Structures are given as structure tokens and as C-alpha cells.
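The structure under discussion appears below in the form of C-alpha cells.
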Amino acid sequence: MNHERIPVITVVGSSNVDLVVKTSHYPSSGETVIGDKFFICPGGKGANQAVVVSRLGAKVNFISCIGDDFFGDIILNNLKKEKIETKTIIRKSKVSSGIALIIVDKKGENSIVVSPGANYRLNKKDIEKNKKYILSADVIVLQLEIPMSTVQYTIKIAKEKNIPVILNPAPARKIPDGLLKKIDILTPNQNELKRLTGKNLESIESVKKASYKLIDKGIKAIIVTLGEKGALLVTKDLFELVPSIKVKVIDTTGAGDAFTGGLSFALAKGIDLKKAVYFANIVAALSVRKIGAQSSPTISKVKKFLKNLKLTQEEKTNKIFS
Ligand code: RIB
């Protein structure tokens, strides 16, 4: 594949406005905690992933629903600023835009409550109307903050032309077996893998077993993100830990989105799977150094970071880093 070609990625998913407070610790039930600063940031797993691939240099079509409220304006303006196609953003009336309440603790870990609002109104008709954006993409990227029937319909269309589908199964919920077999790559974190398989994942052996349970259902590759430990790449023939890059962590919100976005971009560029996971680890690591779910780097920031890293010969020869 020509590495200079601009990849086209269509993301189908959620857009939210994130209301974020930093705090020293999470409140327990009935407790009031005085937090630190408050931030209003654009978010939503779909929008976050769309922003990642756009900053890396892909042409991005983003199919998503917003409400006709003040938060919808914030979302729309931000997508335009990020050079994302907004003809595919559908404004629904009599519903609020998606909102996420996020608490970030002193280690940069987060806990999130989402009110999906308009995101749950993204339906098959909306997808049908935007079919051309699905059929013309190099890669389709989805998450689970929209109705499952919409996810299923999008994948059905993508498979008419055998377009690779990457599903970030977040937040985790049951995925029908008939759908699992159509997914090319699944990117759960450890919690999501546990919810998907019902397995207790205390050891690496148990993560392996759970992953192969999904591979046996027809998924081509599972990439389990393990935070600072890196990502576990599992296919029929591979079971390999791709280590992460160490950085100072300020806020991990959206790190999984940065990973899925980075992976999608690299695969759409024709990079092989293992190198794509390495690249995604770097994009995710660079995204946690600032507050907010959309702190992922531009491609020039990734290249600059790599220039200063001691790379192995294999990494040096990877064209995406040149
Ligand atoms: O993955 C992080 C995202 O989850 C936040 O931006 C929030 O909006 C929720 O969708």
C-alpha cells in the first residue's frame, strides 16, 4: 500500500460534553468532597476517536447525534475546529446532547457517568442516509455508546464491501455472537474483556483464555489494553505483549480512545498489526499528559517524540516513523 495516501476513516459513535473535576479522592456514598479545578471539555468515545485520527492526518467522517441545545453547539464547533466532516452530524430535537460527569483522582485515574441523550437516538435510518461514508472508508470504527441495533446495522453495511471493522467495546455490554464474527479487531480493556466473557481475569493465563474464547467466535484479532503495562495482541497465531511507553500521567480519560484511534489510523495506512499496536501505544501514552479526553497528539508530535526515543532496529525500519 502507498504510505503517502491519506486514509479515510469513518467513525460511528457518541459525542458528549465532559464536565470534569479533579479531586484527591473519590467520594464514598453520602460523602461530599471538595474538589480541585473544574473543566468543560469535548468528549464522547466516538468523538474522541474521530479527533485522534483527524489529528494524525486521516480524512474523518463522523456519524453521530447531538441535541439542539447549547452543548450540541459546543460539540459541533469543536468537530469543525478539528477538521472532521460534520455533514454527517445529526441534530435531534427535544433531547439533550450527551453529557459525561467525570472525576479524575490524583493518580490521573477517572470514573465516569454518562447521560447518553441524543447518542441513543442514532438509528438505522441515520446510518442508511450516510451509507456512502461507510462504503467509501478504508476502516470503520465503532464503540458502544450508541444503540446496539445501530452498531449492528453499520457493520452489516461495512461487510457488504468487506471493509475492516474495529470495535472498541466500551462501555462493555453483551455483543451477540452473530455480530462478533463480523468484527475484525476488538479493543477491550481488561474490565471490558471480563464483562464480555464473564471470566475472572486475575492472571495472564486467564486473559489468554478469555481472548481465545472470543477468537473462537470469529473475531480476527483482540487487543487488550492494559494501561501502563501496554497492550496484549491476540490472534490465532499470536499472543504477545506490546509494551507501553512511560510518561508522566495527568489524566487517563480517553487513553483507550487514543489507542483505538491510533490503531485505526496505522491500519488504514497499511501498517502491519504488531507495528500498529506499538504506534497506538505511543499515541495513547502521549494523550495522558494533559487534562481532558481529547488530548491526543498530532502526527508531528508523535514523530518528534519518536525521534527522541531509543528505538530498536525493527521500530526504526517502520516507515510510519520516518
Ligand atoms: O472514553 C472517555 C469518554 O467516555 C469521555 O470523553 C466521556 O464522554 C465518555 O464517553
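The values are calculated or read from the model by the stated rules, or taken from the named source; none is laboratory data. Computed from a predicted model, the values in this text were never measured in an experiment. Counting neighbours? That spans all protein chains shown, and the Cβs are built from the backbone with ideal geometry, glycine included. Surface accessibility is based on the protein's heavy atoms, side chains included, excluding ligands, DNA and RNA. Shrake-Rupley method; radii C 1.70, N 1.55, O 1.52, S 1.80 Å.
Laid out as a table, the results:
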| item | result |
| --- | --- |
| Restraint check, K80/K217; K182/K209; K194/K274, Cα-Cα greater than 28 Å | K80/K217 |
| With all protein chains modelled, accessible area of R289 [1.4 Å, Å²] | 110 Å² |
| Candidate lysines for bridging to K81, where Cα separation is under 20 Å - those fewer than 8 sequence places away on the same chain excluded | K45, K59, K290, K301 |
| Full-stretch length increase - R289, I245 - with 0.36 nm per residue and alpha-carbon distance subtracted | 14.6 nm |
| Accessible surface, per residue, of the chain when the full set of protein chains is kept, probe 1.4 Å, Å² | 46 Å² |
| Computed over the stretch 117-176, the ratio Rg/Rh where both radii use C-alpha atoms and Rh is Kirkwood | 0.94 |
| Of all accessible heavy-atom area on the chain, the percent that carbon and sulfur account for (1.4 Å) | 54 percent |
| Rg [Å, one decimal], Dmax [Å, integer] - the chain, C-alpha atoms | 18.6, 58 |
| Solvent accessible area, Å² - Y120, 1.4 Å probe, full protein context | 130 Å² |
| Where labels lie 7 Å past Cα in the beta-carbon direction, separation of K236 and I34 in nm | 6.1 nm |
| Sum of -39500 (n - 2.57) over DSSP H runs of 4+, divided by residues of the chain (222 nm, nearest 500) | -10000 deg cm²/dmol |
| Accessible heavy-atom area order of K290, K274, highest first, probe of 1.4 Å | K290, K274 |
| Sequence of L267, L180 from largest to smallest accessible area, 1.4 Å probe | L267, L180 |
| Rounded accessible area of L309 (nearest 10 Å², 1.4 Å probe) | 50 Å² |
| Added length on full extension, which subtracts the Cα-Cα distance from 0.36 nm per residue, K174 to V113 | 20.1 nm |
| Distance (nanometres) between label positions extended 7 Å along Cα→Cβ at K80 and K209 | 5.4 nm |
| Tensor-based shape of the stretch 198-286 (alpha-carbon gyration tensor, a/c under 1.5 rounded, otherwise prolate or oblate) | oblate |
| Under 5 Å, built H, 5+ apart or other chain: amide partners of N16 | G43, G44, A47 |
| Gyration tensor (alpha-carbon) shape descriptor, the stretch 256-309, a/c threshold 1.5 | oblate |
| Residue order for S295, S93 - accessible surface, 1.4 angstrom probe, largest first | S93, S295 |
